[in-house]
1. Report the Cα centroid-to-centroid distance between the stretch 37-96 and the stretch 160-210 in angstrom, as an integer.
2. Describe numerically, in nm with one decimal, the distance between label points set 7 Å from Cα along Cα→Cβ at residue 264 and at residue 129.
3. Under 20 Å from the 7 Å Cα→Cβ point of residue 231, by amide nitrogen: which residues of the stretch 266-287?
4. Hey, what D do you get for the stretch 137-248 in µm²/s if you plug the Kirkwood alpha-carbon radius into Stokes-Einstein at 20 °C and 1.002 mPa s?
5. Grab the beta carbon distance between residue 194 and residue 312, set R0 = 35 Å, and tell me the FRET efficiency rounded to 0.05.
6. Taking R0 as 22 Å, what's the FRET efficiency between residue 219 and residue 172 from their Cβ-Cβ distance, rounded to 0.05?
7. Roughly how many nanometres apart are two label points built 7 Å out from the Cα toward the Cβ at residue 84 and residue 39?
8. Sorted from largest down, what three extents in whole angstroms do the Cα atoms of the stretch 30-326 have along their principal axes?
C-alpha cells in the first residue's frame, strides 16, 4: 500500500467518535504491550519483493503479492514455491508503474486482485488452476488507486478500496451490480465480524478504523484511533471468529494490534523481523496462526510524500506467528 497524500482533513460529521484511543509507546510492565522477534518465523525467507497482499485457499495454498515485481508468488501448504502469476505481459501493463496490491482467494479457485495503474486501476480475476494459459478477467476498471480487496463469500459480494478517491466499490458477484461507498479518507484494509452488515475499514492516513453499516451506508462510526499519520498507519485488517476480535496491521508503528469489535485495545505487539522493525501490511488467520507481509521500511522521517516514496526501501519477507501472541495471556501460556 503506497501512499499518495497525507490528509489531515476534518472527519465527516456523520461519524461518531470512538471511545478508544491510545499512545503507541511500549511500557514494559503493561500486559497489553509486547515486543517479539520473528526473525526465525519467516515464510520462504527472503523470496518476496515488496510483499503486499496475502491470501490462502482452503487447501493451504498461499498467495503473496509482490507489488513492485508485478507478480504473485504461489506456495504450497509447507510454504514451498509452487508457481508464479505474472502480470507484466498484459496489454497495457506499464513496467515500473503498474503494481499488484490486495488479493483475495475464494473457494472456487479464483483469485481477486487489485492492480494499480492498469486499466486505470482495476479489479481482475484469475483462475489459480489455469493461470498459465488464461488472461486475467477485468471485472472493474478506471477505479483509481485501488488498494485492498475483501470477499464476503457467504453473501456473494466483494469490496475493493480506492484510496485516492476515498471510495469503496461493492460488487455483487451474482448479478454484477456495483454500488459505491463514498466520502472516506484513504480507505485501505477491510474486514467483517459477527455482524455481517458492518464493514470495518482502516483509513490509513487518518490513523483510524471506522465501520459502515452496509444496509444504510450513511451510518458510520469511528471505532479505533491510533494516534496520527506521523506514528500510526493502520493498513490490513482481519477477523478472528474464535476470539471475536480484529487484528490490525499498523505498518508505521511496526505493530499488529488486536481490538474488540467496539474498538477497545486487547493487545499491541511490536514486531521485529529479519530486516529490522517490521511494517505489517496485510494479514490472515489460519489454523491458529497469523500470517502477514512485511512491506517496507516505514519508520524513516516523513518528508514530502513524493520524495519519501522515491527513497523507500522495500522488504523481502512474510511471517507466521501464533495467534496467541495477540491475546491477553501470561508468558507461560504463550507459544
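Just so it is clear, none of the values below were taken in a lab; they were calculated from the coordinates. Keep in mind it's a predicted model, so treat the numbers as computed, not measured. As a convention, Cβ positions derive from the backbone with ideal geometry for all residues, glycine included, and neighbour counts pool all protein chains shown.
1. About 24 Å separates the Cα centre of the stretch 37-96 from the one of the stretch 160-210.
2. Spacing of the two 7 Å Cα→Cβ label points: 4.6 nm.
3. 266-272, 277-280
4. Working: Rh = 14.2 Å.
Rounded to a whole number, D works out at 151 µm²/s.
5. Details: r = 37 Å, r/R0 = 1.06.
Result of the calculation: an efficiency of 0.40.
6. Working: r = 20 Å, r/R0 = 0.92.
Once the sixth-power term is evaluated, E becomes 0.60.
7. 2.8 nm
8. Over the stretch 30-326, Cα extents along the principal axes are 53, 44, 42 Å.
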